[in-house]
1. When you look at residue 197, is it more than 20 Å from residue 302 (Cβ to Cβ) and assigned to a helix (DSSP H, G or I), yes or no?
2. Give 30, 10, 44, 14 a once-over and let me know the one that is within 14 Å of residue 77 (Cβ to Cβ), touching a strand residue (DSSP E or B) at 6+ places or on another chain (Cβ under 8 Å) and buried (at least 22 other Cβ atoms within 10 Å of the Cβ).
3. Could you please find all residues in segment 236-279 being among the small types (Gly, Ala, Ser), under 30 Å from residue 148 (Cβ atoms) and over 15 Å from the mean Cα position of the chain (by Cα)?
4. Can you tell me how many residues within segment 71-113 are part of a helix (DSSP H, G or I) and either of a type outside the set (Val, Ile, Thr) or touching a residue at least 60 places away in the same chain (Cβ under 8 Å) (or both)?
5. Could you grab me the full set of residues in segment 319-348 that are in contact (Cβ under 8 Å) with a residue 40 or more places away in the chain and aliphatic (A, V, I, L, M)?
6. Considering 278, 224, which residue is within 30 Å of residue 129 (Cβ to Cβ), touching a His at 6+ places or on another chain (Cβ under 8 Å) and crowded, with 18+ Cβ neighbours inside 10 Å?
7. Which ones in segment 28-68 are basic (Lys, Arg) and touching a helix residue (DSSP H, G or I) at 6+ places or on another chain (Cβ under 9 Å)?
Amino acid sequence: MSLAVVTGSGGLIGSASARRFAELGMTVVGVDNDMRGYFFGGDGSTRWSVEALRRDLGDAYLHVDADIRDRDALAAVFKEYASDLSLVVHTAAQPSHDWAAAEPYTDFDINAVGTLNLLEAARTHTPEAVFIHCSTNKVYGDTPNALPLRELATRWEIEPSHPYRDGIGEDMSIDASLHSVFGASKVAADVMVQEYGRYFGMRTAVFRGGTLTGPAHSAAELHGFLAYVVRTAMEGRTYRIFGHLGKQVRDVIHCADVVAAFERFYRAPRVGEVYNLGGGRRSNCSVLEALDLAGALVGRPVPREYVDESRVGDHIWWIGSNAKFEAHYPEWTQRYDVPMTMREIYEENLDRWKPA
């Protein structure tokens, strides 16, 4: 039996990873204690997703209701399954800029210390296991905001002559920038995962995601941009735009494309790698463009309210480059663009997101 541990298994990327690797014949141990419900209330709870994994995957999914801050609980999981464990996919996190500022200890303990707990449990019990970590483009802080940008009708866009015209690479500095408390805790985790690769020789990878999305997102205002836009439109809510005239640009990658990249790395792992992973030039949109697309899906404009204050450390323009990952894994291909992704989110949540 080949076994994978997936943290944050009820979340978007965690649940997609659990399903993907179960399809490959692996048994998945999902570690999730629904902290999203604590962070974001009912909108963010992942209990429904965990129940769906149990129902759909049956014996291929073993759930552990544990907190990644609990070292003893994690050690027990890794010790129990050490003989069969070949993969760790670490997606559990506190994912919100704004929430982190309210509880910095909680944010850092989950994002940074929780990641260290997992790395050490893996090193102690299964050092040969492949370790995949979901990082974030927020490790670059607000450095992207210093790029030369032009204001267009519905978006900000980089000057066409700039070297990052086709996407920001991993060579962008993570130093001397405003990260937000969340971004700083994710930097600590990101660097530690690299270090366990380079120092201890573990087969680790850091994936610095852009906007990761898909139909299983427990979308809330503070996290889950594209799915929350669709949810807002479907439920008849008012969408609040925070600063930058709503023209801030996000690259958007579907969770299926993300876990396909994870699978490629798992099959041919490397040591201490760092990859940007996002929609790139194929799949990106501004907030205004997303709202218009969502309005077209539901057949009516999405009500919106403009808040003339941007979120701390928010990117004005982020389109990442997947070139490094594609060079290492040329078999990986990106299937989804923004309209395809939004339509799938809409169609698969018709029974879940309805007007109040």
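1. Yes.
2. Matching residue, one of 30, 10, 44, 14: 30.
3. Result: 243, 246.
4. Result for segment 71-113: 25.
5. Listed by number, the residues that qualify are 319, 323, 338, 340, 342, 345.
6. Only one candidate qualifies: 224.
7. Matches in segment 28-68: 36, 47.
This table checks each residue for (1) surrounded by fewer than 20 Cβ atoms within 10 Å (Cβ to Cβ); (2) among the polar types (S, T, N, Q); (3) out of contact with any Asp or Glu (no Cβ under 8 Å at 6 or more places or on another chain).
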position: 79; (1), (2), (3): yes, no, yes
position: 83; (1), (2), (3): yes, yes, yes
position: 87; (1), (2), (3): no, no, yes
position: 94; (1), (2), (3): no, yes, no
position: 99; (1), (2), (3): no, no, no
position: 103; (1), (2), (3): yes, no, yes
position: 106; (1), (2), (3): yes, yes, yes
position: 115; (1), (2), (3): no, yes, yes
position: 119; (1), (2), (3): no, no, yes
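Here, each number is a calculation from the coordinates, and none is a lab measurement. Treat the numbers as computed from the prediction; the structure is a model and nothing was measured. So basically every Cβ, Gly included, is an ideal-geometry build from the backbone, and we count neighbours across all protein chains shown.
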